[in-house]
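Have a look at the structure below, then the notes.
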Amino acid sequence: FIGAKEQLGSPEKGIATADGIFIEYIPPELAQKVQLLENAGISVFVQKKNASTLGTLVYTLQDALQQNRQNLAIEVTSMDRWDSLKDLSPEVIFFSDRRADSYFHEARAFFDWLKENNLDTPVILLKKYPALDDDQLYIEASAELGALLGDKLGEGIILSTQQSCQERTLFAFRLLQACRMRTFKTEFISCPGCGRTLFDLQEVAQRIREKTGHLPGIKIAIMGCIVNGPGEMADADFGYVGSRPGKIDLYVGKTCVKRNIDFSEADSQLIELIKEQGRWIELEELASTPG
């Protein structure tokens, strides 16, 4: 699963590294390889009862009740007896769609129940999209999981799709970043453009994205004019704003720090400004970071 960095994420493993892996079954011949993941700090959640040495077990709530186990990661669905969670005290909950007819609404009901019962156990949203092409997946997952995460309901996600592991993980990170839960790449903010725009907004945005898109955790605003730009980019770390024809102002936060820079020099000046603020990372250095 991929979790919110400040809660379940593990920044020491790299900003774009999975925090845990959910495996329904581990063949005995892969046991040692799975153990290597645990040794590397990536939690492994499994359902096989005889695999307890490989990581934290995931049980359905009924299994946990029968065996009276404590401190487990527990998978719950809309039909489980939620009241029993008060006594089980799991370390983490997987809210699954295994038997959910309406995952979105039932997940909201579950979070309401947690709040009413003063339970603050981290919840990972586990959702399967087994037969969707990429476009359908992006729409449905964003509508369901994105709506929940956008309301701060859930601390991470597990996706089961037809995509490759790399594509699935990348989409999970993009979804978390869109919900402002975990940043793994540069975030760009841009105005829509209007009659006051002083440069080709799309061309400049693409150019700056190519030069700075590898910087994790930074927001860069690209605004076409000085009229509304500073207000629209209020939460950005750096701002690139057209101040007059052929001139650019650069901002750090809400403060203008460089005025009337020639347009031809603005990109390099922005990069220098990011370096001056200690936020620059060379692409080669980032590539060598684990994860």
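The values are calculated or read from the model by the stated rules, or taken from the named source; none is laboratory data. Note that the structure is a prediction, hence the values are computed from the model and not measured. We work out accessible area using only protein heavy atoms, side chains counted, and drop any ligands, DNA or RNA first. Shrake-Rupley method; radii C 1.70, N 1.55, O 1.52, S 1.80 Å.
Structural remarks
- A straight line joining the Cα centroids of the stretch 73-118 and the stretch 138-204 runs 26 Å.
- Cα gyration tensor shape of the stretch 83-171, rounded if a/c is under 1.5, else prolate or oblate by comparing a/b with b/c: prolate
- Accessible area per residue for the stretch 197-255, computed on protein heavy atoms with a 1.4 Å probe, is 42 Å².
- Rounded if a/c under 1.5, otherwise prolate or oblate - the stretch 189-248, Cα gyration tensor axes: oblate
- Only lysine pairs 8 or more places apart, or on different chains, with alpha-carbon atoms under 24 angstrom apart are counted in the stretch 140-291, and they number 19.
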